[in-house]
1. Over all distinct Cα pairs, what is the inverse of the mean 1/r for segment 39-145, reported as the Kirkwood hydrodynamic radius in Å?
2. For the charge dipole of segment 320-397, defined by +1 on Lys and Arg C-beta atoms and -1 on Asp and Glu C-beta atoms about the Cα centroid, which residue among 381, 359, 371 has the Cα displaced farthest towards the positive pole?
3. Quick check for you: with a 1.4 Å probe and neighbouring chains kept, what is the accessible area per residue of the chain, in Å²?
4. Cross-link list 50/129; 135/335; 267/341; 264/335; 38/360; 251/390: which exceed 24 angstrom alpha carbon to alpha carbon?
5. What residues qualify as long-range amide H neighbours of residue 95, i.e. H under 5 Å apart, gap of 5 or more or another chain, H built at 1.01 Å from N?
6. Of the candidates 376, 70, 80, which one comes out as most mobile in a Gaussian network treatment of the chain with C-alpha springs shorter than 10 Å?
7. Pop out the carbon and sulfur fraction of the accessible area of segment 70-109 as a percent, whole number, probe 1.4 Å.
8. If you put +1 on each Lys and Arg Cβ and -1 on each Asp and Glu Cβ, how big is the dipole of segment 331-397 around its Cα centre, in Debye rounded to 20?
Amino acid sequence: MSKAKGATPSDISIDLGKVRELRDKMREKSKSKFKPPKGAVIVEELPTDKVHKRIHEQGRQLLLQIENKSPPEIYIPQRSGDNIIYDEENDLLLLGEGKSSRALLSLSTSQDVARSMRVLELVHTLVEKDIHATKREIFYNDVNLFKDQINSDKIIDDIPPLLNTTRDSTHIVASAKGMAIGRLIIRDSGDTIDLTKLGSGGWSITPFLDKIEIRESDAEFILVVEKDAALIRLSEAKWWNKYPCIILTGKGSADIATRSFLRKLVKNLKIPAFALMDSDPYGSYIYSVYLRGSKRLSYESPFLATPELKLLGVLSRDLDSYQIPRECWLKMTDKDIKRAKEMLKEPFVQRNKEWADDLKLMIELKRKAEIQALSSHGFEFLTETYLPQKLSTGDWI
């Protein structure tokens with residue numbers, strides 16, 4: 001079987017010159033202080049005593065309205081698309097200043113006010129006891145009021161911007177599904193963990209990232225892979241021994257803990273990060289969430305997004321460059337094409353000509369492919385040819 005660009009696994013060795021150039025540029029840029037655009041709401045990480053105080057302030061405001069015989073209401077920051085600001089300078093999606101009123105005496109919003117105050121009460125309990133709870137546990141604390149977890153989840157997302165803080169600071173966590181492995185030593189709740197000595201499984205990324213301390217790493221870069229199948233391949237090869245790196249996966253859509261841990265690693269270690277996604281619109285979308293943040297949690301973008309993340313592959317153009325057999329391509333559905341066109345409308349995609357061109361090529365040829373399509377050249381093609389060649393040539397977006 002033919003190999004890409006005449007390369008064979010035995011004659012490729014990774015040259016990290018391009019990666020180090022990127023690292024140096026990153027470190028120079030990181031010296032500049034983050035300046036949000038006018039009209040953007042930036043929340044802050046807070047200690048428990050300050051969260052406690054802000055909850056009391058919210059309750060006091062509502063009580064004063066009642067005592068003054070004013071219509072009691074609370075003002076919730078709007079998280080809809082028309083209140084999202086794209087910050088071009090910092091390459092982030094941020095929350096705007098728009099707010100919506102929820103009145104206690106209105107038939108349409110009284111239930112939301114009651115639910116909001118109940119979640120605030122539960123957060124108050126968590127921060128007082130310095131413990132954490134999952135979103136599911138919040139729902140089960142008052143099933144009769146919330147009716148469905150969709151309702152409690154919605155309020156849980158409203159509370160951090162209401163208190164002008166992060167989700168972590170409220171002590172409500174989402175179930176984590178991500179994994180990490182490679183050249184990293186951390187301290188987790190007092191236990192020292194070496195991520196090179198965890199067999200083939202890796203470390204399950206904890207949602208309690210406030211308990212994690214990064215102790216040591218000699219990694220030269222971070223590799224984020226979309227699916228755990230790619231992590232398994234890299235883990236079995238102990239790829240980080242030959243190519244010093246840390247490997248993460250969110251096992252599909254990026255969960256909050258994995259995104260936050262990636263942000264923490266890049267911020268602390270100041271090394272480049274690369275994404276390996278499926279060559280399809282959803283791979284591009286997952287990459288964009290790691291990169292710019294999500295609209296739903298735009299108020300936390302500075303804590304969750306990693307604008308330094310580069311898209312290494314699998315690019316649409318790679319299917320030709322690496323001679324992926326046509327029988328390994330997948331035909332794009334109408335839904336795929338619609339999603340790709342929606343991605344092309346995003347300002348952060350339009351600013352990146354290479355990314356836009358790759359999406360246009362995908363739409364034009366109506367083809368997509370999974371990372372696993374690379375194994376058509378052999379099971380070790382990903383680890384011994386594709387990744388080393390992409391990194392050594394600087395072939396990323």
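The values are calculated or read from the model by the stated rules, or taken from the named source; none is laboratory data. Bear in mind the structure is a predicted one, so any value in this text is a computation, not a measurement. A quick note on method: Cβ atoms are made from the backbone with ideal geometry, for glycine too, and the neighbour counts reach across all protein chains shown. SASA here: full protein model, heavy atoms, side chains in, ligands and nucleic acids out. Shrake-Rupley method; radii C 1.70, N 1.55, O 1.52, S 1.80 Å.
1. Details: mean 1/r = 0.0626 Å⁻¹.
The answer is 16.0 Å.
2. Selected residue: 359.
3. Details: 18660 Å² over 397 residues.
Per-residue value: 47 Å².
4. Values: 50/129 14 Å; 135/335 31 Å; 267/341 32 Å; 264/335 34 Å; 38/360 33 Å; 251/390 22 Å.
Violating the 24 Å Cα-Cα cut-off are 135/335; 267/341; 264/335; 38/360.
5. 41, 85, 299
6. Looking only at 376, 70, 80, the largest GNM fluctuation is found for 70.
7. Values: 1060 of 2140 Å².
Heavy-atom surface of segment 70-109 belonging to carbon and sulfur, 1.4 Å probe: 50 percent.
8. Values: 13 positive and 12 negative charges, 90 e Å.
Rounded to the nearest 20 debye, it is 440 debye.
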